Amino acid sequence: MCLAIPGRVTETFAKGGMLMGRVQFGGVTREACLEYVPETQTGDYVLVHVGFAISRVNEEEARRTYQALLELDQLTELDVPEVVEPGTFGQGGSE
Amino acid sequence: MKYLDEYRDGKIASRIVDEIRSIQTKPWVIMEVCGGQTHSIVKNGVDYLLPRGIELVHGPGCPVCVTPLEMIDKAHAIARRPDVIFCSFGDMLRVPGSEGDLFTIKSEGGDIRVVYSPLDCLKIARANPDKQVVFFAVGFETTAPANAMLVSRAKQDGVRNVSILVSHVLVPPSIAAILQSPQNRVQGFLGPGHVCAIMGYREYEPMSARFKVPIVITGFEPLDILQGTLMVVRQLEAGRAEVENEYSRILDREGNRPAQKLVASVFEIADRKWRGVGSIPKSGYKLRWEYRDYDAEKIFSVKEIDTREPEICISGRILRGIKKPHDCPAFGTVCTPQHPLGATMVSAEGACAAYYAYGRHLESKREELEAMASLGGAA
Ligand code: SF4
């Protein structure tokens, strides 16, 4: 439960006074709070734990760690559906 | 179990194992602290690769496992209320309390929701102004910044119908408690990588010096664990006791400062009870007074519930590295992940559950049978 999952930041934006981003993990994209790694930019790889980026990593490390988590069956939290606020359409997620 | 050549980096793995073998002069007991590491060790058979005499024991680093039964029962009492939407990470749903688990409560009509992030609770609270949204805030240092942000944002935005049930524990006090026990066998530690990504590893330094024990902050991949073990053995053999960082590609000594700052503004250190282990002084977080309106224990004033682990369960000794799952007569017989009797069986990251998931309950039987057969042969 304490493992963080690496992903690629595809978008950064401010929402409700918080620095947020969309982060892509394999085939899934989730919203993540970037307040703890404020220097993050689009294209960076970050380690995300329960919706919060906690550190930046390089691309190779991100790939290796993702693969290791996949093998350990430690990616199931990404299956939990995203909570969409009423009146919005999953900020940044709608095409 | 896996053999060396099955590892993606089999050559590097065997080089590390050879080096451990070449420098080792006596047996050593080393504990990995994080449940993610335990899972990786058992799944990949890393402990079987190590030379005889290097024993890995499995520490208390699974937050689901160490959440006390009383707290589970409190969560269930709150979750049963009709005015409550109870939110939790998925791994807490199957943990049995005195009467059933969160799934049972859901099937009886309780509004239980699995969330990906604590921030989801803020969205749910806004969408349901006539309900109280309660989040089960379980976890180690890695998860605390997320829970701190939930509470801090709720207060800032004036969202009043959200609160958290805090069951936060900290790694360094649990290591100190293990080292202080008169029965302690652990001589070196693999420190938890992703916990230290938040906290850094400064706070491990006085402990390593005081107890003269090497602590190597380590990742969770098999090669990390082998490398971390090598670094601990090198220190033990040289009579050194320092904090070293095997996982420098992820973290540094200082950790994540913005996260530490917010955590310190929302939480303060408190005594906490650990399932299987008992109370450890200053071993967790509670909400600061300024955030009392977000404390589910205060809002719902749930009464203390007295609970007890079954006598047969030795999970407390397993969590401290004194025993292994095979030493428990209930392991894999009356105690299984479907019917867990104790702390280390309730989550996939607990030692008993990991041993069971990878068939080690069958191994023990096989060894017993072989031993019996050889005795029979000798008679
Ligand atoms: S197998 Fe079950 S009863 Fe035995 S120590 Fe592990 S959790 Fe406790």
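Derivation of every value follows stated rules applied to the coordinates shown; laboratory data play no part. What you are looking at is a predicted structure, and each value in this text was computed from that prediction instead of being measured. Note: ideal-geometry Cβ built from the backbone for every residue, glycine included; neighbour counts use all protein chains shown.
Using only Cα atoms, tell me the angle between helix A:59-71 and the longest principal axis of chain A; keep it within 0 to 90° and round to the nearest 10.
The answer is roughly 80 degrees.
State the antiparallel share, in %, of DSSP beta bridges confined to chain B, rounding to the nearest 5.
20
Below 8 Å, C-alpha to C-alpha, sequence gap of six or more: please give me the relative contact order for chain A in percent.
Value for chain A: 25 percent.
State to the nearest 20 debye the size of the charge dipole of region B:222-333 about its Cα centre, where the only charges are +1 on K and R beta carbons and -1 on D and E beta carbons.
About 100 debye.
Need one value for A:54-67: mean number of C-beta atoms belonging to other chains within 10 Å of its residues' C-beta atoms.
For this peptide, the per-residue mean of nearby foreign Cβ atoms is 3.
Using only Cα atoms, find the angle between the long axis of helix B:171-180 and the longest principal axis of chain B, and express it within 0 to 90 degrees, rounded to the nearest 10.
The angle comes out near 50 degrees.
Find how many whole Å separate the alpha carbon centroid of region A:3-29 from the alpha carbon centroid of region B:158-217.
Their Cα centres are 29 Å away from one another.
Name the residues whose placed amide hydrogens come within less than 5 Å of the amide hydrogen of residue B:242, ignoring near sequence neighbours (fewer than 5 apart) on the same chain.
B:215
In region A:5-77, if the dipole is taken from +1 on Lys/Arg beta carbons and -1 on Asp/Glu beta carbons about the Cα centre, which of A:18, A:45, A:5 is farthest to the positive end?
A:18
Taking neighbour Cβ counts within 10 Å as the exposure measure, how do B:299, B:175 sort from fewest upward?
Ascending Cβ contact count within 10 Å gives the list B:299, B:175.
Over its Cα atoms, what ratio of radius of gyration to 2.2 N^0.38 Å does chain B give? Can you show the working numbers first?
Numbers: Rg = 21.7 Å, N = 379, 2.2 N^0.38 = 21.0 Å.
Compactness ratio reported: 1.03.
If one computes the Cα centroid of region B:45-89 and of region B:309-358, what distance in Å separates the two points?
12
Pairwise over distinct Cα atoms, reciprocal of the mean inverse distance: report the Kirkwood radius of region A:5-77 in Å, one decimal place.
12.0
By how many degrees, between 0 and 90 and to the nearest 10, does the Cα long axis of helix B:222-238 differ from the longest principal axis of chain B?
Once rounded, one gets 60 degrees.
Answer with one residue from B:296, B:136, B:97: the one whose Cα lies farthest towards the positive end of the charge dipole of chain B, charges on Cβ with Lys, Arg +1 and Asp, Glu -1.
The Cα lying farthest towards the positive end belongs to B:296.
What is chain B's relative contact order, in percent, from Cα pairs under 8 angstrom and six or more apart in sequence?
Values: 708 pairs, mean separation 77.3, N = 379.
Here the relative contact order equals 20 percent.
What ranking of B:32, A:71 emerges when the number of other C-beta atoms within 10 Å of each C-beta is taken as an exposure proxy, fewest first? Don't skip to the end; give the middle numbers.
On the way: B:32 28, A:71 15.
In increasing order of surrounding Cβ atoms, one gets A:71, B:32.
Please list B:33-42, A:44-53, B:201-210 highest first by mean number of surrounding beta-carbon atoms within 10 Å per residue. Walk me through the numbers before you get to the answer.
Details: B:33-42: 27.8, A:44-53: 24.9, B:201-210: 16.6.
Answer by packing, highest mean first, reads B:33-42, A:44-53, B:201-210.
Output wanted: per-residue J couplings in Hz (rounded whole) for region A:21-27, from phi through Karplus 6.51 cos²θ - 1.76 cosθ + 1.60, θ = phi - 60°, x for Gly and Pro.
Here the 3J(HN,Hα) series is x, 9, 10, 9, 10, x, x Hz.
Which percentage, to the nearest 5, of the DSSP beta bridges contained in the protein assembly as shown is antiparallel?
Beta bridges within the protein assembly as shown, antiparallel portion: roughly 50 percent.
Taking the number of other C-beta atoms within 10 Å as the exposure measure, put B:318, B:12 in order starting with the fewest.
Result, fewest neighbours first: B:12, B:318.
Mind listing the phi-derived Karplus ³J(HN,Hα) values for region A:47-53, rounded to whole Hz, using 6.51, -1.76 and 1.60 with θ = phi - 60°, and x for any glycine or proline?
So the Karplus estimates, Gly and Pro as x, are 8, 10, 10, 6, x, 10, 6 Hz.
Apply the Karplus parameterisation 6.51 cos²θ - 1.76 cosθ + 1.60, with θ equal to phi minus 60°, to every residue of region B:305-320 and state each ³J(HN,Hα) to the nearest whole Hz, in sequence, with x for glycine and proline.
In residue order, the calculated couplings are 10, 8, 9, 9, 6, x, 4, 5, 6, 10, 4, x, 6, 5, 5, 9 Hz.
How well do other chains shield peptide A:2-9, expressed as the mean number of their Cβ atoms within 10 Å of each residue Cβ?
Shielding by partners across A:2-9 averages 5.
With +1 assigned to the C-beta of every Lys and Arg and -1 to the C-beta of every Asp and Glu, and no other charges, what is the dipole magnitude of the protein assembly as shown about the Cα centre in debye, to the nearest 20?
820
Once you average over the residues of A:32-41, how many Cβ atoms of partner chains fall within 10 Å of each Cβ? Please list the in-between numbers first.
Working: counts 3, 8, 0, 7, 11, 3, 1, 0, 0, 0.
Rounded to a whole number, the mean comes out at 3.
Taking the dipole about the Cα centre of chain B, with the C-beta of Lys and Arg at +1 and of Asp and Glu at -1, give me whichever of B:182, B:20, B:342 is farthest to the positive side.
B:182
When the dipole is taken about the Cα centre of region B:1-311, and only Lys, Arg (+1) and Asp, Glu (-1) are charged at their Cβ, what size is it in debye, to the nearest 20? Working shown, then result.
Numbers: 40 positive and 40 negative charges, 88 e Å.
Rounded to the nearest 20 debye, it is 420 debye.
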